Amino acid sequence: MNRLRPTPSLRRCALGALGLLLAGTLAAAAPNPLLGKRAPLLSGRAGFGTGLINLNKLQNEIVYERDANGQPVREGNRIKFHVEKYAVVLNFFATYCVPCVKEIPTFNRLAKSYEGKPVRFVYVNVDTEKTAEQVRDFAKQKGIAVEMILPSVHYALEAYKIDALPRIVVVNADGIVSHVITGFQEDLAAQIGAILDEVLPGSKAPAKARKTG
């Protein structure tokens, strides 16, 4: 497990009354406070390309319906649409986190294997002392092949209770944090696969809140 460095900028981030040095120990001894609760709002600049990425929009995609000829289906004066719901796997990482870098190929493979399924894989960068361009360059050099959010780092750290890295947070299609994985996991692919069997929309297995690692 790679702890967040207590740099001056991180010390200014309110991660809990006991401080960063105790936070990792407490996290291992007690359930993550996010489990079973609505995922905090999260948005930021796109890691690749332009524009903003918003967690709510990642989870709820408006799909306009079309007929057999590809023409919009109308109901009166409005085009008919429905909302498709997605689970989201958030992977919080920093460029200095060696275990985070080690799991990049696994996370890339997971994202590719679930293409077309109602789940989205997203990296969330929490570097406090790197520019957006430096993070983007790092992501390209290391071969990150999934979407990436560049959020307000201090907000993301506090809102998602990030006291150690790597940290993966799984948000189900209802917007509830269902699982938290802390630290590097050799069997990450198997763990994520088992979790998604539970939380994906239409899954027969009940979604359970669980802390791993």
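The values are calculated or read from the model by the stated rules, or taken from the named source; none is laboratory data. This is a predicted model, so every value here is computed, not measured. All Cβ positions, even for glycine, are placed from backbone atoms using ideal geometry, and neighbour counts span all protein chains on display. Calculation scope for accessible area: heavy atoms of the full protein, side chains included, ligands and nucleic acids excluded. Shrake-Rupley method; radii C 1.70, N 1.55, O 1.52, S 1.80 Å.
A few points about this structure:
- Rounded to the nearest 0.05, the FRET efficiency derived from the C-beta distance between D187 and E115 at R0 = 30 Å is 0.85.
- The peptide list 38-44, 184-190, put in order of mean Cβ contacts within 10 Å with the highest first, becomes 38-44, 184-190.
- Accessible area of the range 95-144 divided out per residue, in Å², using a probe of 1.4 angstrom: 51 Å²
- Applying 1/(1 + (r/R0)^6) with R0 = 22 Å to the Cβ-Cβ distance of A46 and I79 gives a FRET efficiency near 0.25.
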